[in-house]
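Here is the structure we will look at, set down as C-alpha cells.
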Amino acid sequence: MFPFACIRTSNRRYINNQQTSRTPLTAQGFGRQCKNSSSTPRMSSLLLVVTIVLMITPASWANSSGREFMFGIPETYDSSPDYIKLFIASKYVSKVYITAPGISFNQTITTLANTSTAVTIPISIVARTIGLSNKAVYIESDQTISVYVMVRDENTSDGFLLLPISADSRDYFVASYEPVEHASEFIITAYEDKTLIDVQLKTSAGPVTIGGQSYSSGQNVSFVMSRMQTYFVKHEHDLTGTHITSSRPVSVVSGNKCANVPHDKGACDYLAEQLLPVAFWQREYVCAKLKTRGNNRLRILASVDGTTVNIGGTHIKLNKGEFYEYVNSSDVATSVKSNFPVLVLQFSEGTLVDSVLGDPSMITIPSTNSQESEYFYETPFSIDNHYVSITIHTDQAKGLRIDGSAISRSDELKTTINTIEFSIIRLSVNPGKHHLFHVDQSVTFGVIVYGFKKDESYGFPLGLSTNDDHSLSELFNSSCSSTSWHIDIDMDKLRHRNPGSVATDIYFGVNSCTGHKIGNHLIFDYDIETCLTSTQTNGSEIVYTNQLVYAYHDPNHNFIIHSINWTQGISCHIQWNESDHSYVTYNQPTGGNNGSTNSTTSIQTQFFIDPNFQQEITGNPLNATTGAKVFVKTFVQNVDWTVKMKLHSCYAEPNQNGHGARYFLINNGCEMDANTHFLSQTDHETRFEFQAFPMTGPDQRLYIKCDATLCDTADVMSSHRCDQRPNCA
C-alpha cells in the first residue's frame, strides 16, 4: 500500500475587504500535494483549514431588553387557561426563534420595527408536577427585543416581564403571597447543563415536600439541573423569602396559583412575576397607589441581615429573607430608601377590599435607577381597563410622549429623595399597541402597566434596567493627574451588591492591568496612558477614558474571558462615562485556486443561534455576543460516498498571523474546552456547539481556525484517519 497522501489548504475571509462571497470551500483547486512518487495522482486524504474571524463584544445586560431569554410558567388555577401569549417588542426588524422542546413547540417569526408582535404558546407548557420536568421556553433573537408574558384565564390572569439571561442570574429570593386555599409556588429554569441548585426554604408555616422528602423552614435542598429543565415547587403556605442560588445562570418565576390580597378578603387570583436577580436590586424606589384603587400595598424584601428601610416615614429593620408589608390609603407618592439593596413589589388588592373593579396581581417596581428611555408594548384585549404609572424626575416630565402625543399630567403625585423631586404620572390608556418615550433620548423613566375588569387583573413593569452604573460608581473612588490613574474599589460594598465577587477577576482596561489588595480595598495605580487608555483633545482639555471590567476568566487559561459581569467607564478631566461596544463576527470561507486534486467534494460550514439548527446566522459579518452559545454545522455539500469527513481541530488565536496564545476548542477530534460539545457526527457532517468568548488583547478580535480532514474510503489507511471515535481522555 502506498504511503498516506495529504493536501493542506488554507482559506480565509476577512472583515471589510472584497472577499465576501459565500462560495463554499472546496477541495478542488487548493493546496500543496504530498504523495508517493509511484502512486497515481488521486485524493487519499485532504486537510482543510478554515479561518473564522470574530470581533468580540462583552455580553451586555444593560436593561431588560436582550437577545436570549428562558423561563417556565408555574401552575395556573384552571388546568386549561384561555391562552398564554408572548408580546415581543423591538425598535428593529427582528428574527425571533421560540422553542419549548418539552412540548415539541418551535416557531420562528419576523417582527416589525417599532411595535410589538404577539405569539401564542401552547397551554401545555404550564408546570403542574412538583420536581423536575421539561417545561422550559427558550427565546433567541438576532436583534435586541423586549418580551412580556400574559397568562390569561378568566377571573385569574396575570402577566410578567421577561429578563434576558445574565451571568448574574444566580441569586434570588422568592416573592409570593399567603395562599388561603391554593399554592404559593415558584419554578426554576436552567440555562446550562450541570447546574447545581441550592434552595434555603422559608415558609410561614408547615413542611415543604421536595423530591419526595419533607423539609422545614430554614433547611437547605440541593439538586442538579440540565439545560432546558424546569424544577417546580409549591406549598400551601407563603414561600416568600426562600433563597435560591445556582452555580450557573437560571431564571425563576414565582407567585401563587390562587391568592387573596389581603389573605382574609376572598378573590383567588393568579400571581406571577419573573424574579429580579439580587445583583440588580436597588436602594431607592418611588411608588403610588394603582390608579382607581383604594390602597397602596407594598412588600419590601431584604437579602442581607441588618437592612434598614425608610418607607413613607416608617423605619423598619429586616434580616435576610424577611419582608415588610406596607399599606397606605393616602393618595401619595411613597418613597422607599434602604441602606442595602431591596426588592419592592406592589400588589393589587381584591375588589372586596375597596369595592373597585379588579382583583389581585403582583408587580415588580422599577427603582429610581432602573429605568429606560423608550418602551413599546401591547395591552391584552381580554381586559377592559388599562393604565400606566410613570416615574420620572419632575423637571423632565414635560418631554414625555405616548403614541406621539404629550402625556397628560392631570393625575400627578410628587415626592423628594435626596433633594431630587420625582413625579408619578398615572394614565388611562386605550386597548392596543402603544409607544412610550421621551423627546430627549438621554432621559430615562420607569413604567408599570396594569389593567382591571370584573374579578380580574394583570400588572407588570415594562422595564427593569440592570444598568447599574449609578450604584457601581458608589463602590469606588477614582482620581487622576496628568501622569497617573488612581482607583480604589471597596470590595466589601461590592460583595454586598454582587455576592462572591473576586478581586482577581477585576482589571483596568486590559487583562494585564490588575489591582493590588490593601485590606478590603482593591487599588489600581497606573500611568495615565497605559492600560489601553484612550486620549482625546476637546477644546483646550485632554480627555482620558478607560473602563473597569469584572470578567469571569477560564481557570486554566487566564487569557480566555468566558463572560463579562459588568463594566464601568472611567474618565479623567471630563464628565463622560461610556462603555465600549463591539461585535462577534463569523466569516464564512471563500474559494481559491492554489493547486489541484481529483476530488470535487466541497465542504461548507454554517452557524446557528438555536440547538435545533433552524435559525442560521446570516449576513456579513455575522454577529453574536460573549457568552452566547453558537451552534456549528460542518458538512460535505455534495455527498460522495467514496469520501468521508472528520472535523480534526478548532482553536482560537488573538491575531491573524498565528502569533500568541492558542486555545483549542477541539483537538485531534476531541473536545478540549468545557463549553464546547459535539452534538452529532457522521461520515459527512459534524455538529457542535461552543460559547463565544473574547481573548484579552488590544484589538478585541479573535481568530478561530478549524481543520477538517477528507478521507478516501477505498484507502484503509486514509479512512482510518477519519474515524469518528477518537481515543479522547
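The values are calculated or read from the model by the stated rules, or taken from the named source; none is laboratory data. Keep in mind that this is a model prediction, so the values were computed, not measured. Every residue, glycine as well, gets a Cβ built from its backbone with ideal geometry; the counts of neighbours run over all protein chains shown. Accessible surface areas use protein heavy atoms only, side chains included; no ligands, DNA or RNA. Shrake-Rupley method; radii C 1.70, N 1.55, O 1.52, S 1.80 Å.
Would you mention how many residues in segment 117-149 are in contact with a Lys or Arg (Cβ under 6 Å, 6 or more places away or on another chain) and buried (at least 23 other Cβ atoms within 10 Å of the Cβ)?
2
Identify all residues within segment 427-436 that are open to solvent by less than 40 Å² (accessible area, probe 1.4 Å) and over 30 Å from the mean Cα position of the chain (by Cα); write none if there are none.
Correct list: Leu427, Val429.
Just to check your reading of the model, which residue among Tyr77, Tyr83, Tyr92 is open to solvent by 50 Å² or more (accessible area, probe 1.4 Å), over 24 Å from Thr618 (Cα atoms) and either modelled with pLDDT under 95 or not β-branched (Val, Ile, Thr) (or both)?
Exactly one residue qualifies, and that residue is Tyr77.
Of these, Ser512, Ser501, which one is in a loop (DSSP other than H, G, I, E, B), at pLDDT below 90, hydroxyl-bearing (Ser, Thr, Tyr) and open to solvent by 30 Å² or more (accessible area, probe 1.4 Å)? Quick ask: steps written out before the conclusion?
Numbers: Ser501 fails: open to solvent by 30 Å² or more (accessible area, probe 1.4 Å).
Being in a loop (DSSP other than H, G, I, E, B), at pLDDT below 90, hydroxyl-bearing (Ser, Thr, Tyr) and open to solvent by 30 Å² or more (accessible area, probe 1.4 Å) holds for just one of Ser512, Ser501, which is Ser512.
What pairs come out if I take residues in segment 529-545 that are more than 15 Å from Ser478 (Cα to Cα) and assigned to a strand (DSSP E or B) and pair them with residues that are of a type in the set (A, V, I, L, M) and modelled with pLDDT of 70 or more whose C-beta lies under 9 Å away, six or more apart or interchain?
Ser534/Val543; Thr535/Ile528; Thr535/Val543; Gln536/Val543; Thr537/Val543
Mind listing whichever residues of segment 280-293 are surrounded by 22 or more Cβ atoms within 10 Å (Cβ to Cβ) and over 19 Å from Thr368 (Cβ atoms)?
Across segment 280-293, the qualifying residue is only Arg293.
Where residues in segment 476-497 are part of a loop (DSSP other than H, G, I, E, B) and at pLDDT 75 or above, which of them is nearest to Gln346 (Cα to Cα)?
Checking each candidate, the answer is Ser481.
If I filter segment 348-371 down to residues being closer than 22 Å to Phe280 by Cα and of a type in the set (A, V, I, L, M), which single residue comes out as surrounded by the fewest Cβ atoms within 10 Å (Cβ to Cβ)?
Filtering segment 348-371 down to residues closer than 22 Å to Phe280 by Cα leaves 362-371.
From the residues that got through so far, the ones that are of a type in the set (A, V, I, L, M) too are 362-363, 365.
Working: Met362: 28, Ile363: 28, Ile365: 24.
Among residues in segment 348-371 that are closer than 22 Å to Phe280 by Cα and of a type in the set (A, V, I, L, M), the one surrounded by the fewest Cβ atoms within 10 Å (Cβ to Cβ) is Ile365.
Just one of (1) out of contact with any His (no Cβ under 8 Å at 6 or more places or on another chain); (2) within 13 Å of Gly321 (Cα to Cα); (3) surrounded by fewer than 18 Cβ atoms within 10 Å (Cβ to Cβ) trips up Pro207, so point out which.
Going through the list (1) out of contact with any His (no Cβ under 8 Å at 6 or more places or on another chain); (2) within 13 Å of Gly321 (Cα to Cα); (3) surrounded by fewer than 18 Cβ atoms within 10 Å (Cβ to Cβ), Pro207 breaks only (2).
With a cut-off of at least 1 residues that are farther than 21 Å from Ile98 by Cβ, at pLDDT 90 or above and among the small types (Gly, Ala, Ser), name the strands (runs of 3 or more DSSP E) lying wholly within segment 117-218.
Those strands (runs of 3 or more DSSP E) span 131-133, 184-190, 213-215.
Go through (1) hydroxyl-bearing (Ser, Thr, Tyr); (2) closer than 14 Å to Ala175 by Cβ; (3) under 27 Å from the mean Cα position of the chain (by Cα); (4) open to solvent by 40 Å² or more (accessible area, probe 1.4 Å) one by one and return the number of the condition Thr240 breaks.
(4)
Can you name every residue in segment 294-347 that is assigned to a strand (DSSP E or B), surrounded by 22 or more Cβ atoms within 10 Å (Cβ to Cβ) and of a type in the set (Gly, Ala, Ser)?
Ala302
Quick grid of which residues meet (1) without any contact (Cβ under 8 Å) to a residue 60 or more places away in the chain; (2) more than 30 Å from Ile139 (Cβ to Cβ); (3) β-branched (Val, Ile, Thr):
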residue: Gln229; (1), (2), (3): no, no, no
residue: Val233; (1), (2), (3): no, no, yes
residue: Val253; (1), (2), (3): no, no, yes
residue: Lys257; (1), (2), (3): no, no, no
residue: Leu276; (1), (2), (3): no, no, no
residue: Leu298; (1), (2), (3): no, yes, no
residue: Val304; (1), (2), (3): no, yes, yes
residue: Thr307; (1), (2), (3): yes, yes, yes
residue: Asn310; (1), (2), (3): yes, yes, no
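For segment 409-422, check the following and say yes or no: at least one residue is open to solvent by less than 10 Å² (accessible area, probe 1.4 Å), of a type in the set (A, V, I, L, M), within 25 Å of Thr115 (Cα to Cα) and modelled with pLDDT under 95.
The answer is no; no qualifying residue exists.
Check Gly266 against each of (1) open to solvent by 10 Å² or more (accessible area, probe 1.4 Å); (2) modelled with pLDDT of 90 or more; (3) in a loop (DSSP other than H, G, I, E, B) and name the one condition it does not meet.
It fails just one condition, (2).
Residue-wise test of (1) touching a residue at least 24 places away in the same chain (Cβ under 8 Å); (2) in contact with a strand residue (DSSP E or B) (Cβ under 9 Å, 6 or more places away or on another chain); (3) of a type in the set (A, V, I, L, M).
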{"residue": "Arg248", "(1), (2), (3)": "yes, yes, no"}
{"residue": "His263", "(1), (2), (3)": "yes, no, no"}
{"residue": "Cys268", "(1), (2), (3)": "yes, yes, no"}
{"residue": "Ala288", "(1), (2), (3)": "yes, yes, yes"}
{"residue": "Lys291", "(1), (2), (3)": "yes, yes, no"}
{"residue": "Asn295", "(1), (2), (3)": "yes, yes, no"}
{"residue": "Ala333", "(1), (2), (3)": "yes, yes, yes"}
{"residue": "Pro341", "(1), (2), (3)": "yes, yes, no"}
{"residue": "Gly350", "(1), (2), (3)": "yes, yes, no"}
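Report, by residue number, each residue of segment 372-408 that is open to solvent by less than 60 Å² (accessible area, probe 1.4 Å), of a type in the set (A, V, I, L, M, F, W, C) and within 22 Å of Ser442 (Cα to Cα).
Within segment 372-408, Phe376, Val388, Ile390, Ile392, Ala397, Leu400, Ile402, Ile407 meet the criteria.
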